[in-house]
Amino acid sequence: MTLCEQIAELRARVEELEAMLGVSRDQDRIAGLSACGLRPAEARFMMALYAAKGRVVERGALLDVASLAPDYTRGNLVSVYASRLRARLGRDAIATTDRGYRITEVGIKACEAAWAA
């Protein structure tokens with residue numbers, strides 16, 4: 001499989017997962033979160049958490065939504081994204097659970113403030 005075919009397959013998987021999680025590729029929302037200093041993948045990660053409305057989102061689903069990187073490069077990427085988001089949006093914006101991550105009220109308010117700006 002060529003690199004282009006792998007990328008196309010990964011993009012299709014991301015779109016499928018976004019639809020499953022209720023996350024859209026709403027560029028305005030990504031732009032709003034980018035204004036807070038988030039990279040596009042971090043913004044997609046945060047949007048997936050936001051769409052879950054406080055429910056736990058498993059690590060694998062977050063990784064698939066946020067990353068187009070090949071499996072062998074993804075390692076602890078979810079933890080890195082969560083750490084970056086906490087640094088930018090507040091330590092209490094994201095809660096870690098045994099199964100994954102969930103957005104807190106602090107995180108919800110940070111997202112909504114970014115989108116209102």
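Readers should treat all values here as calculations from the given coordinates under stated rules, not as data from a laboratory. Just so we're clear, the structure is a prediction, and the values are computed from it rather than from any experiment. Cβ: placed from backbone, ideal geometry, glycine included. Neighbour counts: every protein chain shown.
For the pair E112 and S83, label points projected 7 Å from Cα toward Cβ lie 3.1 nm apart. Here the extension length gained between A12 and R39 equals 7.7 nm, from 0.36 nm per residue of separation less the Cα-Cα distance.
Between beta-carbons, use under 12 Å as the cut-off and find the net charge around R99, counting Lys and Arg +1, Asp and Glu -1. Result for the local shell: +1.
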